[in-house]
Amino acid sequence: MPSFSIQNFGCRVNQAEAFSWAEEFELSGLRLEEDPARADLVVVNTCTLTAGADRDVRKFIRRISRLNPGARLIIAGCSVDGGTLRTENLALDTLLLPNAAKAQLPSRVLTRLKTREVAAAKPLRSRALLKAQDGCDLRCTFCIIPSVRGPSRSFGRKELLARARRLIARGFREIVLCGIHLSSYGLDLDPKDTLAGLLEDLVEVEGLGSLRLSSLDPRYLDDRLSDLITGSPSICPHFHLSLQHASDRVLKLMGRGSNVAGYERILGRLRERSPEAGLGADIIVGFPGEEEEDFERLRDFVTQAPLDYLHVFAYSPRPGTPAAAWPQVGDGEKRRRSALLRTIAEDKRRAFRERFMGRELKGIVVRRDALGSEVLTSNYIDVRVPSCSGGPGGEVKVRITRVESELTGGEEAV
């Protein structure tokens, strides 16, 4: 039985695509191999969002080509579209697939392997990933994604509901709904649909344990959607927003079409309606034109805002984007500003976890090993417990008993 391994880089949508590929491979008789150095087939789902992502992709491909020269290599996604791959040293039989051909990946691989055995697939993950949308119609001045992913394309509501039912039938208790620009779900369909409309149907699917949302664009977070995601007991109280900055001047340079006053209103409403939710944000530091005054506004905002964690990125110029041609902030200054924000982020993350000391929280068992189990709570806290009655994917309740800088410890609440 041929074996396969999938290496993911980048966003939650890439994870959802890999989840779907693995499901089809296993149903067709292939065996999952966790170690890509031992697999017959290695799929690399790439990311070109930052220069660092490009380096990570190239480093992995070089390493796996050295450690497993006999493996069939399939490289797919944004690095193929973006032209950032170095193909001169790749094996002649390497298969390169752009984003537009990703849907064909399983069939093209299986046709070449000439295997279509039917097997009972075991879940690759503890949580299911449901891709609702791909691409983006917006043109933020820093972002290469619309160029490599294309325009926004949504899957129909009926198709997504049917897919959700199949995932639940396979035993998944948590479904993560994701998209490149999830907040614009349905606006490209005829007739048009909305994310709120999709969610209203998804939370009613029989057998659903919980539904977690990937990144949300605050520009689309109107009162209807905000009230729905904070009011439904089926939707995890974990909301991640693509804020990017907190200086109106920099937001304008970014082409974001948003402002700090709007961010404050949205975050305040989410916190008021869901006091125990984990609220997070993406932040870009060192964007071209970011002056010290802009950074101070950003630092003051993230310090005072009801945010529980931050994903801080030092700006990385991407070829072909407007911002790449503008005068750049120095690398040393970007590192300094990033370090300051990451210190704030660490303090906020720890304070959030400490709020729940001694409290019982619902969660999903993510993995189990010789040291115990890792549980992800509904509000996005990773808790390490020494023993747990549930296996990966099972729903449990945990009580947090200690909080350290990198570790949250707990016990199963019986």
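The values are calculated or read from the model by the stated rules, or taken from the named source; none is laboratory data. Because the structure is a prediction, the values reported are computed rather than measured. Neighbour counts are summed over all protein chains in view; Cβ atoms, including those assigned to glycine, are modelled from backbone coordinates with ideal geometry.
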In this structure, is residue 400 within 28 Å of residue 298 (Cβ to Cβ) and surrounded by 15 or more Cβ atoms within 10 Å (Cβ to Cβ)?
no
Could you list all residues from the stretch 24-44 that are touching a residue at least 40 places away in the same chain (Cβ under 8 Å) and within 19 Å of residue 97 (Cα to Cα)?
24, 25, 41, 43
Say we look at the stretch 1-12 and pick out the residues that are at pLDDT below 90 and closer than 28 Å to residue 311 by Cα; which of these is nearest to the chain's Cα centre (by Cα)?
12
Only residues that are among the basic types (Lys, Arg) and touching a Leu at 6+ places or on another chain (Cβ under 6 Å): list them for the stretch 58-100, please.
72
Picking from 280, 262, 268, which residue would you name as being on the phi < 0 side of the Ramachandran plot, under 21 Å from the mean Cα position of the chain (by Cα) and touching a residue at least 12 places away in the same chain (Cβ under 8 Å)?
280
Out of the stretch 126-168, which residues are part of a loop (DSSP other than H, G, I, E, B) and within 11 Å of residue 181 (Cβ to Cβ)?
135, 136, 137, 138, 140, 143, 151, 152
Could you list all residues from the stretch 353-404 that are within 16 Å of residue 175 (Cα to Cα) and of a type in the set (Asp, Glu)?
395
